[in-house]
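The structure appears below as structure tokens.
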Amino acid sequence: MLKLHNTATNKTEQFKPLSDVVKIYTCGPTVYSYAHIGNLTAYIYWDLLIRSLRMNGFKVKRVLNMTDVGHLVSDGDEGEDKLEKGARREGKTVWEVADYYIDAFIKDYNSLELIKPDVLARATDYIEADIKAVDLMAEHGFTYETQDGIYFDTAKFADYAKFANLDLAGLQAGARVEFSNEKHNASDFAVWKFIKPGEKHAMRWDYLGKPGYPGWHLECSVIIDAELGGPIDIHTGGIDHIPVHHTNEIAEYHAMTGRELSKYWLHCNFIMIDGKKISKSLGNIYTLSDLAERGFSPMDYKMWVLSGHYQGTRNFTFESLEGAKARRLAWRNRIAECYQKEVKGDNSIDKVLDAVNNNLNSAEAFAVIDGAALSLDDWKKVDELFGLRLIEDTPDIDDSLRELIDERQKARDAHDFARADKLRDLLAEKGITVRDTADGGVWEYLY
Ligand code: AMP
Ligand code: ZN
């Protein structure tokens, strides 16, 4: 029985699907730079969500979007489009920037052994549907036009503040000073932006006889409608999405269809690095390539992420990553042990599954694994559940290595320690060590 913490009700609830196929939508990256390790945590946790749903026998259809237009530098309606910013920084076209960072994202995604989404939706492939949605919202009386674009009138949606428990009166009062544009309410947001004469914005589409582009939130409401059909079962994102992005997606979907967008909402927390926010000015933005340069694989990072709960605040340090890497090696060597003697499981694997079913408590599941006796079949389940590639990365050794190990044992038995040491060095070159125990030598991987 899978239980999940639902942001919409602020309760941990038993998951009950709406239909035979569980529909899931995940807000994806804005593809204007490499994903940093903070961005990637969400995809790792939501991969665990998909795997645990499958483990519970559910069929899943999952959509992930790529924001290649319309996400401004701030979450509001001011500032530059992130893609335009990336293009200016790199002296490329916005389309080249989007293509390049979509490829980079997919590479990172695959290297983390994450289950591929059923649909990878690029925002600019849905402009026609965006325009239809804007028309529909206008028809239903939820929008108004300003010189800047088409705005959503949040006062028209009675439940606007509900999802994020927003203090709209406070927001209105706080915004009054700079609230000089044509917006009716401080919380109103653009569903479509007009491009002013002379404004540089390469991605542009004609609507109402003027060039423009969609507001950031619209793509998600529209892609969900086009690819899944709402209400969906589960919508996921980062906690920063709650007050603006997801609140606005819900409002748009209501205005378009009169329907609820999603039954369950899951949000993961932010990670810190050395106790600080991840930011350019602090120079602490790391990508998977940065970690690789320091000798850590994507699987080491995934191990680090899953060693904590998705709702907890996590503090990343290279020391803790070292710990995650060592834990992974220790687990792999327990698999190696299974090749050398029969290891009987003590049924702890059920407790691992229980922990994951309890609101994806991977931290607890990992603690159970540390103290459990797991058979090779149990390890296969661990891999299926967490996608850590433990078995694939721990092949059994071949006959030539086995001979070297036997020879070393014979040399030791004959007290020929010089030869035994030489053979040990030879094995070490091949990444293998032999640990001497009361029952004889046990080979292990060194890294
Ligand atoms: P950005 O492209 O910077 O807007 O980031 C995309 C998404 O990544 C954000 O909306 C967050 O949900 C997520 N994110 C950014 N920073 C972190 C972090 N430090 N920890 C976890 N998630 C993050
Ligand atoms: Zn979204």
Query raised in the report: In the structure displayed, which of 3/351; 85/200; 92/116; 162/263 lie more than 19 Å apart, Cα to Cα?
Result: 92/116
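For a quick check: sort 442, 191, 22 by the number of other beta carbons within 10 angstrom, fewest at the front. Provide the component values of the computation, followed by the final result.
On the way: 442 16, 191 28, 22 22.
Lowest to highest Cβ neighbour count: 442, 22, 191.
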Report task. Could you work out which residue, out of 149, 57, 76, moves most in a Gaussian network model of the chain, that is, has the largest mean-square fluctuation with Cα springs under 10 Å? Result -> 57
Report task. Give me the distance between the Cα centres of the stretch 16-56 and the stretch 378-443, rounded to whole Å. Result -> 38
Report task. Take the alpha-carbon centre of the stretch 228-296, take the same for the stretch 64-127, and report the distance between them in whole Å. Result -> 14
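Which of the trypsin sites (Lys or Arg not before Pro) found in the stretch 135-231 are in a DSSP loop and have at most 13 neighbouring Cβ atoms, other than their own, within 10 Å?
Answer by residue number: 162, 176, 200.
With both partners inside the chain, how many of the DSSP beta bridges are antiparallel, as a percent to the nearest 5?
Restricted to the chain, the bridges split so that about 50 percent are antiparallel.
Of all the Cα-Cα pairs you can form in the stretch 3-268, what percent are over 22 Å apart? Numbers along the way, then the final one.
Numbers: 19722 of 35245 pairs.
Percentage above 22 Å: 56.
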Report task. Name the most mobile residue of 215, 295, 198, meaning the one with the largest mean-square fluctuation, in a Gaussian network model of the chain with Cα contacts below 10 Å. Result -> 198
Report summary line: Taking the dipole of the stretch 292-386 about the Cα centre (Lys, Arg +1; Asp, Glu -1; charges at Cβ), the one of 320, 345, 379 that reaches farthest to the positive side is 320
Report summary line: Restricting to lysines and to Cα separations under 16 Å from residue 422, and discarding same-chain partners fewer than 8 apart, the set is 410, 430
Query raised in the report: Once you put a point 7 Å from the Cα of residue 392 and another 7 Å from the Cα of residue 289, both along the Cβ direction, what distance in nm separates them?
Result: 2.3
Query - Angle between the chain longest axis and helix 318-340 axis [Cα atoms, degrees, rounded to 10] - result: 50
Query - Inter-centroid distance (Cα atoms) of the stretch 155-226 relative to the stretch 302-356, Å - result: 44
**Report entry** Nearest-0.05 FRET efficiency for residue 418 and residue 326, computed from C-beta distance (R0 41 Å)
**Finding:** 0.85
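Evaluate E = 1/(1 + (r/R0)^6) for residue 339 and residue 428, where r is the Cβ-Cβ distance and R0 equals 25 Å; express this FRET efficiency to the nearest 0.05. If you can, show how the numbers build up before the last one.
Values: r = 19 Å, r/R0 = 0.77.
About 0.85, to the nearest 0.05.
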Report task. Starting from the Kirkwood radius over alpha-carbon pairs of the stretch 399-445, derive D by Stokes-Einstein at 4 °C in a medium of 1.567 mPa s and give it in µm² s⁻¹. Result -> 124
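For the cross-link pairs 156/183; 302/381; 277/325, which exceed 21 Å when the distance is taken from alpha carbon to alpha carbon?
277/325
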Query raised in the report: Based on DSSP, what percent of beta bridges with both residues in the stretch 1-147 are antiparallel, to the nearest 5?
Result: 30
Report summary line: Per the C-alpha gyration tensor (a ≥ b ≥ c, the square roots of its eigenvalues), the stretch 277-413 is rounded if a/c is under 1.5, else prolate if a/b beats b/c, else oblate; here it's oblate
Report task. Using a Gaussian network model of the chain whose springs link C-alpha atoms within less than 10 Å, name the residue from 280, 11, 61 with the highest mean-square fluctuation. Result -> 280
Report task. Based on other C-beta atoms within 10 Å, arrange 46, 265 from fewest to most. Result -> 265, 46
Report summary line: Share (percent) of C-alpha pair distances in the chain greater than 39 Å works out to 31
Query raised in the report: Per-residue HN-Hα couplings for the stretch 86-95, Karplus 6.51 cos²θ - 1.76 cosθ + 1.60 at θ = phi - 60°, whole Hz, x for Gly and Pro?
Result: x, 5, 5, 4, 9, x, 10, 7, 4, 5
Requested in this report: Before rounding to the nearest 500, sum -39500 (n - 2.57) across all DSSP H runs of length at least 4 in the chain and divide by the residue total; then give [θ] at 222 nm in deg cm²/dmol.
Outcome: -13000 deg cm²/dmol
Query raised in the report: Sorting 171, 423 on the 10 Å Cβ count, fewest up front, what's the list?
Result: 171, 423
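Could you work out the equivalent-ellipsoid semi-axes for the stretch 27-95, taking the square root of 5 times each eigenvalue of the Cα gyration tensor, largest first, in whole Å?
31, 12, 11
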Query raised in the report: Roughly what % antiparallel, to the nearest 5, for the DSSP beta bridges in the stretch 195-348?
Result: 30
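A short reminder: the numbers here are calculations on the coordinates, not readings from a lab. On a predicted model such as this, the values are computed, not experimentally measured, just so you know. Methodologically, a virtual Cβ is constructed for each residue, glycine included, from the backbone with ideal geometry; neighbour enumeration extends over all protein chains shown.
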